[in-house]
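Chemist: Once you've had a glance at the structure underneath, I'll fire off some questions.
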Amino acid sequence: MNNENAPRQPGSPATIDALLHWLSTHKPQLENEGFILEMPLVEGKPLALLSAQLNLRAQAAGDWFDVHGRVEVGDFSFPFKALWHHLRRHERLYRLPDGTYFLIPEAWFARYAELAEAAQDGPEEGLRLPKALFTVLQQAGLESATEGADFPEIDPEKIDFQPSPDLKAELRPYQ
């Protein structure tokens, strides 16, 4: 078994996220080579050595964006909404139906925590985000959701603004 593919950064130890990803990816090969892998424990809870994938999409609907997604952890599949409160509270351990725990990757918090904070409970298995917060979708990597969402193009040079005649103000030289 060649361990040169193990995730490392020069001069620093592998992060737990990278280590778990590496172990879950190479688990079948390690077991075929005769290694016996025990479930790692975090806070006394057994972590599932399963690969995870998140598919997330948003669609414009009236004054909202409806956000739907599926999380797949090994053979388990559940809505992104199930992780909503975990992302908001930065709780990394999500309990799977078999009693093991999925360690939510730190990268997911970096990418989706602001979305989770701004979103509201939506219909069925989804979340809702006010259209005014469309930049949150862009920061979460869902730029395509904002395309065709009827946002007006605003050119500041073409805005015809006339101050009120009642305005009594004097601009200073630096203004």
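The values are calculated or read from the model by the stated rules, or taken from the named source; none is laboratory data. Worth saying up front: this structure is predicted, and the values here are computed from it rather than measured. All Cβ positions, glycine included, derive from the backbone under ideal geometry; neighbour counts span all protein chains shown. Side chains are part of the model used for accessible areas, which takes the heavy atoms of the whole protein and leaves out ligands, DNA and RNA. Shrake-Rupley method; radii C 1.70, N 1.55, O 1.52, S 1.80 Å.
Chemist: Just to be sure, is Glu38 assigned to a loop (DSSP other than H, G, I, E, B) and at pLDDT below 90?
Modeler: Numbers: assigned to a loop (DSSP other than H, G, I, E, B): yes; at pLDDT below 90: yes.
So Glu38 fits the description; yes.
Chemist: If you don't mind, another one. Looking at the stretch 90-107 only, could you name the residues that are on the phi > 0 side of the Ramachandran plot and open to solvent by 30 Å² or more (accessible area, probe 1.4 Å)? Please lay out each step first, then the result.
Modeler: Step one: list which residues in the stretch 90-107 are on the phi > 0 side of the Ramachandran plot, which gives 90, 99.
Once the filter is applied, which keeps residues that are on the phi > 0 side of the Ramachandran plot and open to solvent by 30 Å² or more (accessible area, probe 1.4 Å), the stretch 90-107 yields only His90.
Chemist: Pull up the stretch 9-35, narrow it to residues that are touching a helix residue (DSSP H, G or I) at 6+ places or on another chain (Cβ under 8 Å) and either assigned to a loop (DSSP other than H, G, I, E, B) or open to solvent by 60 Å² or more (accessible area, probe 1.4 Å) (or both), then point me to the one that is modelled with the lowest pLDDT. Outline the logic, then answer.
Modeler: Within the stretch 9-35, the first condition is being touching a helix residue (DSSP H, G or I) at 6+ places or on another chain (Cβ under 8 Å), and the residues that meet it are 14-15, 17, 23, 30.
Now narrow it down to the ones that are either assigned to a loop (DSSP other than H, G, I, E, B) or open to solvent by 60 Å² or more (accessible area, probe 1.4 Å) (or both): 14-15.
Values: Ala14: 43, Thr15: 78.
This residue is Ala14.
Chemist: Additional query: In the stretch 90-145, which residue that is part of a loop (DSSP other than H, G, I, E, B), hydrophobic (A, V, I, L, M, F, W, C) and modelled with pLDDT of 90 or more is farthest from Ser24 (Cα to Cα)? Quick ask: steps written out before the conclusion?
Modeler: The initial filter retains those residues of the stretch 90-145 that are part of a loop (DSSP other than H, G, I, E, B), namely 90-92, 96-100, 104-105, 119, 122-126, 140-142.
Within this subset, residues satisfying the condition of being hydrophobic (A, V, I, L, M, F, W, C) are 96, 104, 119, 140, 142.
Then drop every residue that is not modelled with pLDDT of 90 or more, which leaves 96, 104, 119.
Numbers: Leu96: 16, Ile104: 14, Ala119: 31 Å.
Filtering the stretch 90-145 for residues that are part of a loop (DSSP other than H, G, I, E, B), hydrophobic (A, V, I, L, M, F, W, C) and modelled with pLDDT of 90 or more, the one farthest from Ser24 (Cα to Cα) comes out as Ala119.
Chemist: Does Ala119 fit the bill of being over 25 Å from Trp22 (Cβ atoms) and surrounded by 16 or more Cβ atoms within 10 Å (Cβ to Cβ)? Walk me through it before giving the result.
Modeler: On the way: over 25 Å from Trp22 (Cβ atoms): yes; surrounded by 16 or more Cβ atoms within 10 Å (Cβ to Cβ): yes.
Answer is yes for this residue.
Chemist: Considering only residues that are closer than 19 Å to Thr135 by Cα and either open to solvent by less than 50 Å² (accessible area, probe 1.4 Å) or not in a strand (DSSP E or B) (or both), which ones fall in the stretch 65-89? Spell out how you get there, then give the answer.
Modeler: In the first step, residues of the stretch 65-89 are kept if they are closer than 19 Å to Thr135 by Cα; the result is 65-69, 84, 87-88.
Phe65, Asp66, Val67, Gly69, Trp84, Leu87, Arg88 - these are the residues of the stretch 65-89 that are closer than 19 Å to Thr135 by Cα and either open to solvent by less than 50 Å² (accessible area, probe 1.4 Å) or not in a strand (DSSP E or B) (or both).
Chemist: Still on this structure, please answer the following. Quick check on the stretch 36-59: of everything there that is closer than 30 Å to Thr135 by Cα and of a type in the set (A, V, I, L, M, F, W, C), which residue is surrounded by the most Cβ atoms within 10 Å (Cβ to Cβ)? Before the answer, list the steps.
Modeler: So in the stretch 36-59, the residues closer than 30 Å to Thr135 by Cα come out as 51-59.
Next cut, of a type in the set (A, V, I, L, M, F, W, C) only: 52, 54, 56, 58.
Values: Ala52: 19, Leu54: 16, Leu56: 19, Ala58: 27.
Looking at the filtered set, the residue picked out is Ala58.
Chemist: Would you please list the contacts, defined by Cβ atoms under 6 Å and residues six or more apart or on different chains, that run from a residue in the stretch 40-67 that is in contact (Cβ under 8 Å) with a residue 24 or more places away in the chain and under 25 Å from Thr25 (Cβ atoms) to a residue that is in a loop (DSSP other than H, G, I, E, B) and β-branched (Val, Ile, Thr)?
Modeler: What qualifies is Pro46/Thr100; Ala48/Thr100.
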